[in-house]
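Colleague: Right, I'll just put the structure down here and ask away after.
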Amino acid sequence: QLVESGGGSVQAEDSLRLSCAASGDTFDLYAVGWFRQAPGKERQFVAAIYWARPTTFYADAMKGRFTISRDNAKNTVYLQMTRLEPADTAVYFCARGRQRSTWSDDREEYDIWGQGTQVTVSS
């Protein structure tokens, strides 16, 4: 099970840190990804990290503004978002990769999803 938290309504240029708490399932050796979905748009890859090692991956548009990290002791993956823009407004989801030791930017390659947390950025 994955549970996201930390969303909210902020102003442009503000920062937010999202959390993805894992429980009940095996996450060792899997990648955990963050995706987002704006109204009327497809779910979009944001970033991913391996649970067992700090290797990270980002969508090009998020490089330099977003940082993914994990705290294994807390079973939590974070997404630190800075210099937020109105275009970042979306529901943000975390998900576990479908295959061990494999990451992907394709949402079809993730099989356990959280319920999402809303991020709204106003100008």
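Colleague: Looking at region 1-48, which of its residues are at positive phi and charged (D, E, K, R)?
Modeller: Of everything in region 1-48, just one residue is at positive phi and charged (D, E, K, R), namely GLU13.
Colleague: Still on this structure: Any idea how many residues of region 56-79 are of a type outside the set (A, V, I, L, M) and without any contact (Cβ under 8 Å) to a residue 12 or more places away in the chain?
Modeller: 4
Colleague: Next up: Within region 54-64, can one find any residue that is assigned to a strand (DSSP E or B), hydroxyl-bearing (Ser, Thr, Tyr) and out of contact with any helix residue (DSSP H, G or I) (no Cβ under 8 Å at 6 or more places or on another chain)?
Modeller: Yes, the conditions are met somewhere in region 54-64.
Colleague: Might you check whether a residue that is assigned to a strand (DSSP E or B), surrounded by 12 or more Cβ atoms within 10 Å (Cβ to Cβ) and among the charged types (D, E, K, R) occurs anywhere in region 69-79?
Modeller: The answer is yes; a qualifying residue exists.
Colleague: Pairs, please: C-beta under 6 Å, at least 6 apart or cross-chain, first residue more than 18 Å from GLY114 (Cα to Cα) and in region 10-34, second surrounded by 11 or more Cβ atoms within 10 Å (Cβ to Cβ) and basic (Lys, Arg)?
Modeller: Note: pairs meeting the criteria are GLU13/ARG83; LEU29/ARG100.
Colleague: Right, next: Just the residues that are part of a loop (DSSP other than H, G, I, E, B) and open to solvent by 60 Å² or more (accessible area, probe 1.4 Å), please, taken from region 27-51.
Modeller: Matches in region 27-51: ASP28, LEU29, PRO39, GLY40, LYS41, GLU42, ARG43.
Colleague: For residues that are within 27 Å of SER123 (Cα to Cα) and either in contact with a Lys or Arg (Cβ under 6 Å, 6 or more places away or on another chain) or not basic (Lys, Arg) (or both), tally how many sit in region 1-50.
Modeller: Residues that pass the stated criteria total 28.
The values are calculated or read from the model by the stated rules, or taken from the named source; none is laboratory data. No experiment lies behind these values; they were computed from the predicted model shown. Positions of Cβ are generated from backbone atoms using ideal geometry, with glycine treated the same way; all protein chains shown enter the neighbour counts. For accessibility, only protein heavy atoms count, side chains too; no ligands or nucleic acids. Shrake-Rupley method; radii C 1.70, N 1.55, O 1.52, S 1.80 Å.
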